[in-house]
Amino acid sequence: MTDAQSLTSVCNICGGSDWKDINMRAAVFCGTCGSYERTRAMKLVLDSLDRPQPGDRILHFAPEKGLSDWFSKTCGVGYEPADIDPSIYPHARVRQFDLVTDTASLPSNSYDLVVHNHVLEHIPCSLAHVLFHLHRALTPRGKHVFSVPIMSGCYEEDFGELTHENATKRFGQFDHVRRFGRDDMDRHLGQLLDVDLNYNLYAYRSRSELEACNIPEIYRTGLHSCTIFVAGKYDYKLANLA
Ligand SMILES: [Zn+2]
């Protein structure tokens with residue numbers, strides 16, 4: 001993506017073209033709906049999966065406005081935005097939900113989509129626990145679609161008392177409790193979920209389509225902060241105890 005291309009591209013979530021700089025990245029933040037590169041990539045992936053469908057039930061954590069408006073319009077009462085701090089999301093009627101303590105109470109076989117971007121790095125408990133219950137809550141045809149920030153090096157987590165400075169240094173942000181390391185993905189996330197660790201957005205859309213919605217080339221393949229993972233209900237690896 002060049003600056004010239006960003007001038008002609010359109011947000012595939014809201015149709016806006018008011019691109020803003022964010023976090024040292026030039027002209028990639030949608031000033032209209034607030035989408036990031038990863039938000040637009042997720043929309044492309046969901047479109048390719050033909051999800052959501054009217055009548056679907058969606059559980060959406062950290063419900064960013066662009067996707068939230070789309071899900072709400074498509075699914076109405078079936079759309080359930082949730083977050084530990086609903087006040088951050090005034091655009092939606094967000095349910096207060098703590099992924100540490102509340103996932104075990106989710107109903108089984110109930111959600112056609114579970115969606116979240118950059119949430120799991122904030123959750124101070126076992127990922128195996130959280131992912132088990134999210135997949136238990138999926139319907140048999142359900143999909144779990146998400147992204148996490150993926151950093152260089154290896155996995156690390158710390159649920160103890162962390163200073164903001166220490167958390168930022170180790171995990172990339174003051175309120176993160178873990179880092180997903182690119183070098184050992186097969187030994188953390190890859191051990192829990194059967195997801196494609198060879199991400200390729202071109203499997204979903206052409207180069208021209210990705211440029212048209214302002215997805216920078218560096219975020220189209222590989223493991224990074226915009227990699228969109230897709231897992232079916234039975235792609236959770238630790239559930240079969242037979
Ligand atoms: Zn937008």
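When the residues of segment 1-26 are filtered to those that are part of a strand (DSSP E or B) and modelled with pLDDT under 90, which remaining residue is nearest to the chain's Cα centre (by Cα)?
Step one: list which residues in segment 1-26 are part of a strand (DSSP E or B), which gives 19-22, 25-26.
The next check asks that each one be modelled with pLDDT under 90; those that pass are 25-26.
Details: Arg25: 19, Ala26: 21 Å.
Here the answer is Arg25.
Scan segment 95-108 and give yes if some residue there is more than 16 Å from the ligand (Cβ to nearest atom), touching a Lys or Arg at 6+ places or on another chain (Cβ under 6 Å) and touching a residue at least 24 places away in the same chain (Cβ under 8 Å), otherwise no. So that I can check it myself, show each step before the final result.
Taking segment 95-108 as the starting set, the residues that turn out to be more than 16 Å from the ligand (Cβ to nearest atom) are 95-108.
Filter once more, so that each one left must be touching a Lys or Arg at 6+ places or on another chain (Cβ under 6 Å): 108.
Next cut, touching a residue at least 24 places away in the same chain (Cβ under 8 Å) only: 108.
Yes, the conditions are met somewhere in segment 95-108.
Considering segment 76-96 alone, what residues qualify as being surrounded by 20 or more Cβ atoms within 10 Å (Cβ to Cβ) and hydrophobic (A, V, I, L, M, F, W, C)? Spell out the reasoning first.
To start, the set of residues in segment 76-96 that are surrounded by 20 or more Cβ atoms within 10 Å (Cβ to Cβ) comprises 79-83, 92, 94.
Hits for segment 76-96 are Ala82, Ala92, Val94.
What do you reckon, is Ile22 touching a Lys or Arg at 6+ places or on another chain (Cβ under 7 Å), of a type in the set (Val, Ile, Thr) and within 15 Å of the ligand (Cβ to nearest atom)? Give the steps one after another, and end with the answer.
Details: touching a Lys or Arg at 6+ places or on another chain (Cβ under 7 Å): no; of a type in the set (Val, Ile, Thr): yes; within 15 Å of the ligand (Cβ to nearest atom): yes.
Considered against the rule, which asks whether it is touching a Lys or Arg at 6+ places or on another chain (Cβ under 7 Å), of a type in the set (Val, Ile, Thr) and within 15 Å of the ligand (Cβ to nearest atom), Ile22 comes out as no.
In segment 27-70, which residues are within 16 Å of the ligand (Cβ to nearest atom), farther than 18 Å from Arg95 by Cβ, outside any loop (DSSP other than H, G, I, E, B) and not charged (D, E, K, R)? Give the steps one after another, and end with the answer.
So the first thing to find is which residues in segment 27-70 are within 16 Å of the ligand (Cβ to nearest atom), and the list is 27-44, 46-47, 63-70.
From what's left, farther than 18 Å from Arg95 by Cβ: 27-44, 46-47, 66, 70.
Still in the running and outside any loop (DSSP other than H, G, I, E, B): 27-30, 37-44, 46-47, 66, 70.
Of everything in segment 27-70, those that are within 16 Å of the ligand (Cβ to nearest atom), farther than 18 Å from Arg95 by Cβ, outside any loop (DSSP other than H, G, I, E, B) and not charged (D, E, K, R) turn out to be Ala27, Val28, Phe29, Cys30, Thr39, Ala41, Met42, Leu44, Leu46, Gly66, Trp70.
The values are calculated or read from the model by the stated rules, or taken from the named source; none is laboratory data. Please read these numbers as outputs of a predicted model, since none were measured by experiment. Positions of Cβ are generated from backbone atoms using ideal geometry, with glycine treated the same way; all protein chains shown enter the neighbour counts.
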